[in-house]
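Below is one structure; the comments refer to it alone.
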Amino acid sequence: MSKRLVLWLNAPHAAWLDPADTPLALGALAVDAARKSLPRDMLKGPELDTIFARRFDLTRREASEMRAACEAVAAAVSSGERLSQLIVAHVPEGERRLLADCMTEELSRHPAGSPAVLRTLSARFGLEAVPTHSL
């Protein structure tokens, strides 16, 4: 886990988001969204590993390690809502959309996937809409 990233997430006035930490910050948002904003157990560890592997061009093992680091970062942040606000304010929309699109693709395989779930995901990533063509 990046201590610098955790510092920034909990005290953004005292630090800055290092561009090298952007994937980990986005991953922490994905983990938090999966746990707190989506229906229970819709995206679990293996699904998040698939998303991270696809988005960041990782092996399964690397994706699993990234997820573990993202879970630690998400747990160290005081508020999931604050996490979303910071990511939206400091990470370009294109980067946020790329990860949201990977999540949408994975959600399209889930029987409980729906436009309402996609709207929730879009809101967490600060996006107007995630394409619903796959649902």
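For segment 62-124 and segment 7-47, what is the separation of their C-alpha centers, rounded to whole Å? First find each Cα centre; the distance between them is then 7 Å. What is the angle, in °, between the Cα long axis of helix 80-90 and the longest principal axis of the Cα atoms in the chain? Nearest 10 is fine, range 0 to 90. For helix 80-90, the angle is close to 80 degrees.
Using helices alone, I'd like the mean residue ellipticity at 222 nm for the chain: each DSSP H run of four-plus residues gives -39500 (n - 2.57), total over residue count, nearest 500. Provide the component values of the computation, followed by the final result.
Values: 7 runs with 88 residues, N = 135.
The helix-only estimate for the chain comes to -20500 deg cm²/dmol at 222 nm.
The angle between the Cα long axis of helix 93-107 and the longest principal axis of the Cα atoms of the chain comes to about 40 degrees, rounded to the nearest 10.
Ranked by the mean number of other Cβ atoms within 10 Å of their residues, highest first, the peptides 63-69, 74-80 come out as 63-69, 74-80. Largest accessible area first, the residues D57, D32, D41, D18 order themselves as D57, D41, D18, D32 under a 1.4 Å probe with ligands, DNA and RNA left out.
Restricting the trypsin sites (Lys or Arg not before Pro) of segment 1-50 to loop positions (DSSP other than H, G, I, E, B) with no more than 15 neighbouring Cβ atoms within 10 Å leaves R40, K44.
Looking at segment 12-70, which chymotrypsin sites (Phe, Trp or Tyr not before Pro) are DSSP coil and have at most 13 other C-beta atoms within 10 Å of their C-beta? Provide the component values of the computation, followed by the final result.
Working: sites: W16, F52, F56; in loops: W16.
Those satisfying the criteria are W16.
If Lys and Arg each add +1 and Asp and Glu each add -1, what is the summed charge of the other residues whose beta carbon sits under 9 Å from the beta carbon of E47? My count for the surroundings of E47 gives 0.
Give me the net charge of S108's neighbourhood, meaning all other residues with Cβ under 12 Å from the Cβ of S108; Lys, Arg count +1, Asp, Glu -1.
Numbers: positive: R109; negative: E47, D101, E105, E106.
With Lys, Arg at +1 and Asp, Glu at -1, the net is -3.
Summing Lys and Arg as +1 and Asp and Glu as -1 over all other residues whose Cβ lies under 13 Å from the Cβ of R60 gives a net charge of -2. Could you tell me how many degrees, from 0 to 90 and to the nearest 10, lie between the Cα long axis of helix 115-124 and the main elongation axis, the longest principal axis, of the Cα atoms of the chain? With rounding to tens, the tilt is 10 degrees. In the list (i) 119; (ii) 150; (iii) 94, the label attached to volume of the Cα convex hull per residue in Å³ as derived from the coordinates here is (iii).
Measuring with a 1.4 angstrom probe and ignoring ligands and nucleic acids, E71 comes out at about 50 Å² accessible.
The values are calculated or read from the model by the stated rules, or taken from the named source; none is laboratory data. This structure is a prediction, so every number in the text was calculated from the model and none was measured. Every residue, glycine among them, receives a Cβ derived from its backbone with ideal geometry; neighbour counts consider all protein chains shown. Accessible surface areas use protein heavy atoms only, side chains included; no ligands, DNA or RNA. Shrake-Rupley method; radii C 1.70, N 1.55, O 1.52, S 1.80 Å.
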